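Step one of this worksheet: look at the structure below.
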Amino acid sequence: TLTGTSTAASASGELRTFTLMANAWYDFDMGSNFTPYIGGGVGYADNELKHGLLANGSSGDFAWQLGAGVNYKISDGMSVGVGYRYLDAGEIELLMSPRLGGPVPTQTYEVTNHSVLVNLNFKVGK
């Protein structure tokens, strides 16, 4: 933490992203216990950054994601898998800390995320 006479600045902040997505995923039947899949989705992302005195901002924007992975069948109704997802949650415009006597500067940043997923799948129904 950096401390001045009447202010403090921190090197940490909090970025929160909430997404609402419509997705489509396709499983490739390989005739074995391994089932690769691909997919993606489109939707809306709400981004908010809180960084105290240094930068703050929020925005809502178009979002999209792409992913791929593979599942392994361990029984008739269950499989385990591993996958990867890339999410583009749009942009966020940040209001930076004002300079003495000057305008409040802004910066625009892309909000993206890379995820590695481990999953357990259950078949429901017939």
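The values are calculated or read from the model by the stated rules, or taken from the named source; none is laboratory data. Note that the structure is predicted; figures quoted are calculated from it, not measured. Virtual Cβ from ideal backbone geometry, glycine too; neighbours counted across all protein chains shown. Keep in mind that these areas ignore ligands, DNA and RNA; they rest on the heavy atoms of the full protein, side chains included. Shrake-Rupley method; radii C 1.70, N 1.55, O 1.52, S 1.80 Å.
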Notebook entry, point to check: On the given criteria, is ASN71 at pLDDT 80 or above, more than 14 Å from the chain's Cα centre (by Cα) and open to solvent by 70 Å² or more (accessible area, probe 1.4 Å)?
Noted result: no
Note to self: With the requirement that a residue be open to solvent by 50 Å² or more (accessible area, probe 1.4 Å) and in a strand (DSSP E or B), what does the range 22-45 give you?
What the structure shows: ALA22, ASN23, ALA24, TRP25, TYR26, ASP27, PHE34, ILE38, VAL42, TYR44
Checklist line | Filter result (part of a strand (DSSP E or B), touching a Leu at 6+ places or on another chain (Cβ under 9 Å) and either open to solvent by 90 Å² or more (accessible area, probe 1.4 Å) or charged (D, E, K, R) (or both)) within the range 10-21 | finding: GLU14, LEU15, ARG16
